[in-house]
Amino acid sequence: MQIQVLFFGKLRDVYQTNEASLELPPKSSVEDLFQLCAARHPEFASYRSSVVASRNREFVSWNALLESGDEVAFLPPVSGG
Amino acid sequence: MQIQVLFFGKLRDVYQTNEASLELPPKSSVEDLFQLCAARHPEFASYRSSVVASRNREFVSWNALLESGDEVAFLPPVSGG
Amino acid sequence: MAPTPNPDLVLLVREPISFEALVRHVRQPHDGAVVTFDGCVRNHSLGRATLYLEYEAYESMALEKMREIAASLHTLFAIDSVAVAHRLGRLEIGETSVFIAVSAPHRKAAFEAARHAIDTLKKTVPIWKKEFFEDGAVWADGELPPVPAATPAPKPAS
Amino acid sequence: MAPTPNPDLVLLVREPISFEALVRHVRQPHDGAVVTFDGCVRNHSLGRATLYLEYEAYESMALEKMREIAASLHTLFAIDSVAVAHRLGRLEIGETSVFIAVSAPHRKAAFEAARHAIDTLKKTVPIWKKEFFEDGAVWADGELPPVPAATPAPKPAS
């Protein structure tokens, strides 16, 4: 299935792009998607404990399962305001 | 001694003036001044427990002693803001 | 980098209060937060429709008390500067009767100081509000300012 | 007399925030208080002189989260309406990055809601600040938003 992934802040610098469309097996989780990103950009792995994920613009846990067409973002600590 | 007295809000309505210059014996207190006002306008007496007094623009207790030339005001509950 | 606090601004005015001027007054480059409180004339009071208000003050004492409040904010909170304006005379519905602006490096102090300023102003500044209704006018219920328990006698004249 | 709350206003903007428009939006005749919070770009950060900032957002999600904050204020506090604007792009020292205005019949709710709004925005809205110094730029330290402990699996595709 196809997942749209968005990168922000520090993570965008690391992944060197704003967004990517990645192919994952059915029943993959957010965690699986993160590991796929880390496989492509090894430095990415070091951010695992300091980012959160959203799925379709809602914060989700790492074990959340994905569906085809989902929009997932990896979000570093927010600093608006 | 001469004391300048100011009246505000409801008390001004009762005393029918903004200010008065009243003559009191030396060592008179704020309380004495209030009683002198009440003698002139009997309705004034009923406000004794619902007003405070200032002397030279500082809140004072009823037993505060006055000096010639003091500016005293009787202040109903304040409602600014 | 070396914060020189603006002098505080304390005003009683008879025209509409200029929010922008007060905010400009307190806002400096080392500030991260400005909190403002805008007290407005409501169209009703205890269930009755208000037509308009009139505010009067013991002006010299009100200004002194407002200056004392501003000064106390600096000792109580890590703020930069304060502007407080209260309007007097006739006010229509929706107009601003009191405006307070507080600047600070961080938001917590700005919020707490602005709140403290209006709470203290309402309890201690000699200003009175008369409410005008269809069928008459009343002096608004207010708060009796706290008064010292006992006052030392003045020095005897020498 | 029958308060019809204004719809809340939630904005991400790339030009200077118009305070007056936001305050006008929330201010209605039955309100007694408007509290505003103005978050400004400080000229230093952790002791270093800041040159300017850049803000970026996950815009669609940030707007959703800001709308959720505005909605939650109505359930938590007795307020009338809310306006929240956050600026994106390059900001100079002294410019406003975020502005919040809350109107209410009484001041306590307006203060508490404005404070809650900015505290929650800083923790949960996906916006990031990059600080530019003489000798480089860094993404500001921030807060990691709270995340649900476990997420129910989506319904299997039928």
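Across the identical copies, the label point of C:Arg24 (7 Å from Cα in the Cβ direction) is separated from its matches by 1.9 nm, in order from shortest. Think of the axis that spins chain A onto B; the A residue whose C-beta lies nearest it, and the distance in whole Å, is A:Gly81, 14.
Taking neighbour Cβ counts within 10 Å as the exposure measure, how do D:Leu88, B:Leu66 sort from fewest upward? It would help to have the intermediate numbers written out before the result.
Details: D:Leu88 18, B:Leu66 21.
Ranked by crowding around the Cβ, least crowded first: D:Leu88, B:Leu66.
Around the amide H of A:Ser28, modelled in the peptide plane, lie the amide H atoms of A:Leu66, all under 5 Å away and 5 or more residues distant in sequence or on another chain. The angle separating the long axis of helix A:30-40 from the principal Cα axis of greatest extent in chain A is about 70 degrees.
Oblate is the label for chain D. Its Cα gyration tensor axes, ordered a ≥ b ≥ c, give a/c of at least 1.5 and b/c at or above a/b. Residue by residue, region D:77-91 carries 3J(HN,Hα) couplings of 9, 7, 10, 9, 8, 9, 10, 9, 10, 10, 8, 10, x, 7, 10 Hz when phi is fed to the Karplus relation 6.51 cos²θ - 1.76 cosθ + 1.60 (θ = phi - 60°); x denotes Gly or Pro. Helix content alone sets the calculated 222 nm mean residue ellipticity of the protein assembly as shown: runs of n ≥ 4 DSSP H residues at -39500 (n - 2.57) each, divided across all residues, give -8000 deg cm²/dmol.
Is the shape of region D:8-70 best called rounded, prolate or oblate, per the rule: a/c under 1.5 gives rounded, else a/b larger than b/c gives prolate, else oblate, with a ≥ b ≥ c the square roots of the Cα gyration tensor eigenvalues? Oblate, since a/c reaches 1.5 and b/c is not below a/b. For chain B, averaging the sequence separation of C-alpha pairs within contact (under 8 Å, six or more residues apart) and dividing by the residue count gives a relative contact order of 41 percent.
For C:Ala49, inter-copy separations between label points set 7 Å beyond Cα along the Cβ vector come to 6.1 nm, shortest first.
Dipole magnitude for region D:19-158: computed about the Cα centre from +1 point charges on Lys and Arg Cβ and -1 point charges on Asp and Glu Cβ, it is near 380 debye.
So how do B:Glu31, C:Glu131 line up by other beta-carbon neighbours within 10 Å, fewest first? Write out the running numbers ahead of the final one.
Values: B:Glu31 14, C:Glu131 22.
Going from sparsest to densest Cβ surroundings: B:Glu31, C:Glu131.
Based on C-alpha pairs under 8 angstrom that are at least 6 apart in sequence, chain D has a relative contact order of 31 percent. On the rotation that sends chain D to chain C, the chain D Cβ lying closest to the axis gives residue and distance in whole Å as D:Thr36, 2.
For the protein assembly as shown, with only Lys/Arg (+1) and Asp/Glu (-1) charged at the beta-carbon, what is the dipole magnitude about the Cα centre, in debye rounded to 20? Let's see the in-between values first.
Values: 48 positive and 60 negative charges, 93 e Å.
The dipole magnitude comes to about 440 debye.
Ascending distances from the C:Ser72 label point to its copies in the other chains, with the point 7 Å along the Cα-to-beta-carbon line: 3.4 nm.
Would you work out if region B:13-81 is rounded, prolate or oblate? Take a ≥ b ≥ c from the square roots of the eigenvalues of the alpha-carbon gyration tensor; rounded if a/c is under 1.5, else prolate when a/b is larger than b/c, oblate otherwise. Taking the square roots of the gyration eigenvalues as a ≥ b ≥ c, region B:13-81 is oblate. About its Cα centre, the dipole of chain B is roughly 180 debye, where the only charges are +1 on Lys and Arg Cβ and -1 on Asp and Glu Cβ.
Residues whose amide H comes within less than 5 Å of that of B:Asp70, counting only those at least five positions distant or on another chain, are B:Gln4 (H built at 1.01 Å from N in the peptide plane). Pairs over the 30 Å Cα-Cα cut-off, from the set D:Lys108/D:Lys130; B:Lys27/C:Lys65; C:Lys65/C:Lys108; C:Lys65/D:Lys108; C:Lys122/D:Lys122: D:Lys108/D:Lys130; C:Lys122/D:Lys122. Counted by Cβ distance under 15 Å from A:Trp62, the other residues give a net charge of -1, where Lys and Arg count +1 and Asp and Glu count -1.
Taken together, the values in this text are just the output of simple stated rules run on the coordinates, not laboratory data. Small disclaimer: the values here were computed from a predicted structure and weren't measured. Heads up, the Cβs are rebuilt from the backbone with ideal geometry, glycines too, and the neighbour counts pull from every protein chain shown.
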